[in-house]
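Asker: Quick one: the structure is below, and I'll ask about it shortly.
The values are calculated or read from the model by the stated rules, or taken from the named source; none is laboratory data. The shown structure was predicted, so the numbers you read here are calculated from the model rather than taken from an experiment. Counting neighbours? That spans all protein chains shown, and the Cβs are built from the backbone with ideal geometry, glycine included. In case anyone asks, the SASA skips ligands and DNA or RNA and just uses the protein heavy atoms, side chains included. Shrake-Rupley method; radii C 1.70, N 1.55, O 1.52, S 1.80 Å.
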Amino acid sequence: MKRVIVFLLLSAVVSAQEKPRTVLPQGGPGTVTLPLAEYDLLVERAARKPKPPEAAPLPFVLARSAFNLKLENDTVSGTLGLEGEVLNKGTTKVPLATDLTVLEAKQADKPLPLLREGATHTAVLAGPGGFSLSMSVAMAISIEAGRASFTIPAPATGHSLLALDIPGNHANIHVEPGLVTRRETLNGHTITEATLQPGKSTRVWWTTREDSAPIAQRESRFLSEVKTLMTVGDSEVRCAALCDLTVLQGEPAEFKIALPAGFEVSDTSGSTLISSEVKSDTLILKVSEPARRSHQFLIVLERSSQEHKVEAPLVGLAESQRETGEVLIEGVGAMDLTATEGGGVRRIDVQEASPVFRSLARHPLQAAFRYHRRPGDPPKLALEWTQFPDSSVLSAIAERATITTLLNVEGKTLTEVTLRIRNNAQPFMKVELPQGASLLSAEVEGEKVKPVLGPDGSRVPLLRTGFRPAGPYSVSFVILSSGTAFGKSGAYELGLPKLDVPISLLNWELFVPDRLEAKQFGGNAISASLFASAAQASLAGSFAEADDEEAGVGGWEQSGVDITSLQAGQIGGIVVDAAGSVVSGARVTVTNAATGATRSTIADSEGRWVVSGLSSGPVRVRVDAQGFKAQERQLDFNESRSALVGSTLDVGMAAETVTVTSDAGEIEREGRRIQQELRKNFEARINAPSQNVVNFQRKVAGILPVRVDVPRAGKSYRFVRPLVLEEETKVTFRYKLR
C-alpha cells in the first residue's frame, strides 16, 4: 500500500514538471509585446489631457516712463516716453496715462491712435513683443501768491524719470513725492532731473520769494532715516546720504549732522533747505518751513583715497530720537570688496534695499547693509577692496579716419588717409591697396616712416602703449591711383585701402574738378546729402576740424518741420532776414479772423514752421523775432488746401509792425522763391572744399615726391561710414565731362 502511494506522488510530480509553459505570441518585425497591465497603464496616460501652460497674470508690462518737459507761456509741455512689453499674442489694450493731456502719440515715428476711456488714454498694441512709444503732453500751471506749480500723473511703470527745463534762476524746485537727482542753472534756465514715484501724482512747485528770517529754535523731537549710497573708486570715495526726517514735536528751524573725519561736503539739497554751513566738523542745515512735519535732504560727501580701504561715513543727525539706515556700496570697475560690520550693522541682500534708492546707482552694486543706531554704540562699517585693471579687448583701434581724395580729369586720384590710432599691442598696421594704387609716403605722429612691402600688402609701423605719446596719436599716408580715363559720360568707381585696424567712424571728402559733373552716388559709404541739412553743415565742419580730437558729427537729428510736402489744412513757411539768412527762434502766430482761433509755434533752426487745424476764412500771420520788426500778412485760407508763407524781416524795434497785404498766389510765389534761394546757397556752402583739400593741394605742390596735376577749382562731396572692419570702402557715381 505504501509503495502505491509513493508511486502516485512521483507520477504527479513528473506530470507537473512536464506541463508546457504559456508563451506570449511574437509579432512581426517592428512590434513590441507588452503585458496587459502595462498596456492598460499606457492607454490611461495617453487619455489624459496635457496641462495647458500658465498664462501671464497681466497681458502687458509697463517697464519705464520718462518725462522731458519745458515751461513756455504759462504751460508745461514736452514728451512722455513709455517702454514696455505685450505678453499675450494678438492685440491688447494697454492703458498708458491717466489724468494727462495728450496732444499726439507716435510709435516708431508713426502716428499711434489712442482711445479715451474715462480719464485714461489707452492704445491697442500687437504682441507678443516689446514696444516703445512717445506722447506729446501738456500740463497747466497753477500760480498762487509767489508760487507756481503743476501736477504730473506718473504712470504705473517700473521706474519713472523727470527732466524739467524752467526759464530763470530758480534756486529750489520741489518734487513731492520724488527725489531730485540733479539741479543745474545754465544760460538763464534751471535744469532739474528727478526720480518719480510710479503710479502717484507728483506735485512740482517753485518760488522766487525771498527767504524768511530764521525762526528761533525750540525744543523738538524727530525721527530720522538715512539711506547712504557709497561709490568706491580707485582714487576717490563718494558718499550720497538721503535723510528723511519726521518731526513729532516742536518746530525745528535747523538740523545738525556730525561730519565723518576726512570727508568734505560737496553738495546739499532739499525741498525745504534754505542754507547750509559747516562749523567745527558739524554740518548745519537750516529749513524754510519749520512747521512742516517732514523734511528730506540729500548730502554728498567726498574724499580722496589711495589705500583702498576706508571707514564708511555713516552720517547721523544730532538729537534724533530714533535713527535707522541703509547703506549701498557700488564699485567703479571690477573689484573684490570685503566689509567688517559693527555697532548693529548687518548685511542684507541688495534686492532688499529701497527700489528708488537702488535706481540712483550708476555702477555695479557690491553689497548692502542695514542698521539701527543705538546710544553709545554707533554703527561702524570698515571697507577694504582690491581693484582689478580693465583688460584690453582690441590690440589697436582707429577712433576716426579722415580721408581726402583729389580726382583730376585724367582719372588719376591722390588720397590722403589720416587716422587717430589708439594702440595697445599691435606693432604694424597692414594696408591693402586697391588694384593699380601705390603708397607714396607715410607719417606717424608727424614723423616720416618707411612702409614695409609684403606679399599681402604694405605695413606701416605703429607706436605701442608705453611709448610717447601714451594716448591716441595720428597716422597718415598718401596713395596714388592711376584709375581709368574719363569719357564723355559714364560710370566711375573709387575705392579706399583695406586696413586690419577697425575704424569707428570714417569721413571721406571727394574733390572733383569743375569740368566733371557728378551725380547718382552709390556704394557702401553713406552720402552726406542723405542727412538732414543741420547734419550736413555739422559734417562739413568736422572735415575742416579733422585734427581736433573732439571734432565729430553732430546735429544728426532730422528736423521735425517739413514744408516741402504740406498737407491739406496746414499753413507753413520760412523766415529770413533782408540778407537772405534764416531767422531761427522766431515766434509765429496764426489767427483766424472769423473764428478767433489762434495757433502759435516757433521757427526751427532753419527758419521753418508749420501749424495745423485752422478752418477756412481770412487768416492773419504774425512773425515776431528779437531785433527785427514784427511782420503781419493777411490771406484767405482754404482748409482743403495748404498754404506756404515766406516772411522777410527787417531790422528794427520789436514794437514796430510791418503789415503786408497781397493775394494768396503772390504769397505762395514769395515763399517758393525764398525756399529755392536758401537751398541754392546751402548747396553751394556744403559743396565748398574744406581746409583739408586746400592743405592737401599745397602738400602735392611742394612735398610729395611725384608730380600730379590736381584740380584747383571744383566741388567737394562728403561720405560717412561707421564701424569699418577690415573691408574696402567704395563710392560709385555717374559723370558727364563738360
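Asker: Would you list the strands (runs of 3 or more DSSP E) that sit entirely within the stretch 588-632 and hold 1 or more residues that are farther than 23 Å from Glu104 by Cβ and in contact with a strand residue (DSSP E or B) (Cβ under 7 Å, 6 or more places away or on another chain)?
Answerer: Fully inside the stretch 588-632 and qualifying: 617-624.
Asker: What's the total number of residues in the stretch 480-492 that are open to solvent by less than 40 Å² (accessible area, probe 1.4 Å) and either in contact with an Asp or Glu (Cβ under 8 Å, 6 or more places away or on another chain) or charged (D, E, K, R) (or both)?
Answerer: Summing the residues that are open to solvent by less than 40 Å² (accessible area, probe 1.4 Å) and either in contact with an Asp or Glu (Cβ under 8 Å, 6 or more places away or on another chain) or charged (D, E, K, R) (or both) in the stretch 480-492 gives 1.
Asker: With the requirement that a residue be within 34 Å of the chain's Cα centre (by Cα), surrounded by fewer than 21 Cβ atoms within 10 Å (Cβ to Cβ) and not hydroxyl-bearing (Ser, Thr, Tyr), what does the stretch 504-526 give you?
Answerer: Leu505, Gln520, Phe521, Gly522, Gly523, Asn524, Ile526, listed by residue number.
Asker: Only residues that are in a loop (DSSP other than H, G, I, E, B), of a type in the set (A, V, I, L, M) and either modelled with pLDDT of 80 or more or within 29 Å of the chain's Cα centre (by Cα) (or both): list them for the stretch 547-577, please. If you could, list the steps in order and put the result at the bottom.
Answerer: As a first pass, look at the stretch 547-577 and keep what is in a loop (DSSP other than H, G, I, E, B): 547-569.
Cutting the leftovers down to of a type in the set (A, V, I, L, M) gives us 551, 553, 561, 563, 566, 568.
Within the stretch 547-577, Ala551, Val553, Val561, Ile563, Ala568 meet the criteria.
Asker: Of (1) closer than 30 Å to Ala361 by Cα; (2) crowded, with 18+ Cβ neighbours inside 10 Å, Gly130 satisfies all except one. Which?
Answerer: For Gly130, the exception is condition (2).
Asker: Additional query: Any idea how many residues of the stretch 73-87 are touching a Pro at 6+ places or on another chain (Cβ under 8 Å) and open to solvent by 60 Å² or more (accessible area, probe 1.4 Å)?
Answerer: Of the residues in that region, 2 qualify.
Asker: What residue, of Val310, Val315, Val237, Val232, is touching a Gly at 6+ places or on another chain (Cβ under 6 Å), at pLDDT below 90 and buried (at least 16 other Cβ atoms within 10 Å of the Cβ)?
Answerer: On the way: Val310 fails: touching a Gly at 6+ places or on another chain (Cβ under 6 Å); Val315 fails: touching a Gly at 6+ places or on another chain (Cβ under 6 Å); Val237 fails: touching a Gly at 6+ places or on another chain (Cβ under 6 Å).
It is Val232.
Asker: Being crowded, with 19+ Cβ neighbours inside 10 Å and among the hydroxyl-bearing types (Ser, Thr, Tyr) is the requirement here; does Thr122 meet it?
Answerer: No.
Asker: Next question, about the same structure. Which count do you get for residues in the stretch 307-347 that are part of a strand (DSSP E or B) and of a type outside the set (Gly, Ala, Ser)?
Answerer: The qualifying residues number 20.
Asker: Here's something else I'd like to know. Please go through the stretch 606-626 and pick out each residue that is of a type in the set (A, V, I, L, M, F, W, C) and open to solvent by 20 Å² or more (accessible area, probe 1.4 Å).
Answerer: Val610
Asker: Let me ask you something else. Would you be able to say whether some residue in the stretch 75-94 is under 21 Å from Thr195 (Cα atoms) and over 24 Å from the mean Cα position of the chain (by Cα)?
Answerer: no
Asker: Okay, moving on. Report yes if some residue within the stretch 205-221 is under 30 Å from Tyr371 (Cα atoms), modelled with pLDDT of 80 or more and either surrounded by 16 or more Cβ atoms within 10 Å (Cβ to Cβ) or of a type in the set (A, V, I, L, M, F, W, C) (or both); otherwise report no.
Answerer: Yes, the stretch 205-221 contains a residue that is under 30 Å from Tyr371 (Cα atoms), modelled with pLDDT of 80 or more and either surrounded by 16 or more Cβ atoms within 10 Å (Cβ to Cβ) or of a type in the set (A, V, I, L, M, F, W, C) (or both).
Asker: Could you pull out every one of the strands (runs of 3 or more DSSP E) wholly within the stretch 194-306 that has 3 or more residues that are among the hydroxyl-bearing types (Ser, Thr, Tyr)?
Answerer: Hits in the stretch 194-306: 201-207, 221-232, 264-270.
Asker: Looking only at the stretch 449-464, how many residues end up being surrounded by fewer than 15 Cβ atoms within 10 Å (Cβ to Cβ) and either among the small types (Gly, Ala, Ser) or at pLDDT below 85 (or both)?
Answerer: 6
Asker: Right, another one. Hey, any hits in the stretch 358-378 for a residue that's under 17 Å from Ser305 (Cβ atoms), hydrophobic (A, V, I, L, M, F, W, C) and at pLDDT below 85?
Answerer: Checked the stretch 358-378: no residue is under 17 Å from Ser305 (Cβ atoms), hydrophobic (A, V, I, L, M, F, W, C) and at pLDDT below 85.
Asker: Kindly provide the set of residues from the stretch 341-357 that are more than 30 Å from Leu162 (Cβ to Cβ) and surrounded by 15 or more Cβ atoms within 10 Å (Cβ to Cβ), ordered by number.
Answerer: Correct list: Glu341, Gly343, Gly344, Val345.
Asker: Can you tell which of Ile284, Ile257 is open to solvent by less than 50 Å² (accessible area, probe 1.4 Å) and either touching a Phe, Trp or Tyr at 6+ places or on another chain (Cβ under 6 Å) or free of Cβ contacts under 8 Å to residues at least 40 places away in the same chain (or both)?
Answerer: It is Ile284.
Asker: Related question: Give me a count of the residues in the stretch 130-157 that are without any contact (Cβ under 8 Å) to a residue 60 or more places away in the chain and closer than 15 Å to Arg64 by Cα.
Answerer: Qualifying residue count, the stretch 130-157: 7.
Asker: Can you find even one residue in the stretch 158-175 that is under 20 Å from the mean Cα position of the chain (by Cα) and free of Cβ contacts under 8 Å to residues at least 40 places away in the same chain?
Answerer: No: the stretch 158-175 contains no residue that is under 20 Å from the mean Cα position of the chain (by Cα) and free of Cβ contacts under 8 Å to residues at least 40 places away in the same chain.
Asker: Only one residue in Arg669, Arg641 is in a loop (DSSP other than H, G, I, E, B), modelled with pLDDT of 70 or more and surrounded by 13 or more Cβ atoms within 10 Å (Cβ to Cβ), so which one is that?
Answerer: It is Arg641.
Asker: Give the number of residues within the stretch 376-424 that are within 30 Å of Lys227 (Cα to Cα), in contact (Cβ under 8 Å) with a residue 60 or more places away in the chain and either open to solvent by less than 50 Å² (accessible area, probe 1.4 Å) or in a strand (DSSP E or B) (or both).
Answerer: Residues that pass the stated criteria total 9.
Asker: Can you confirm whether Thr648 is of a type in the set (Ser, Thr, Tyr), surrounded by fewer than 16 Cβ atoms within 10 Å (Cβ to Cβ) and at pLDDT below 85?
Answerer: no
Asker: Scan the stretch 701-728 residue by residue and report those that are modelled with pLDDT of 70 or more, under 28 Å from Pro502 (Cα atoms) and either part of a helix (DSSP H, G or I) or not acidic (Asp, Glu) (or both). Spell out how you get there, then give the answer.
Answerer: Within the stretch 701-728, the subset modelled with pLDDT of 70 or more is 709-728.
After this cut, where a residue has to be under 28 Å from Pro502 (Cα atoms) as well, the list is 716-728.
Listed by number, the residues that qualify are Ser716, Tyr717, Arg718, Phe719, Val720, Arg721, Pro722, Leu723, Val724, Leu725.
Asker: Inside the stretch 23-135, counting only strands (runs of 3 or more DSSP E) that do not spill past its ends, which hold 3 or more residues that are out of contact with any Asp or Glu (no Cβ under 6 Å at 6 or more places or on another chain) and small (Gly, Ala, Ser)?
Answerer: Because the criterion is at least 3 residues that are out of contact with any Asp or Glu (no Cβ under 6 Å at 6 or more places or on another chain) and small (Gly, Ala, Ser), the strands (runs of 3 or more DSSP E) in the stretch 23-135 that meet it are 75-98.
Asker: In addition: For the stretch 425-443, how many residues meet the condition of being within 22 Å of Thr729 (Cβ to Cβ), free of Cβ contacts under 8 Å to residues at least 60 places away in the same chain and surrounded by fewer than 20 Cβ atoms within 10 Å (Cβ to Cβ)?
Answerer: The total comes to 6.
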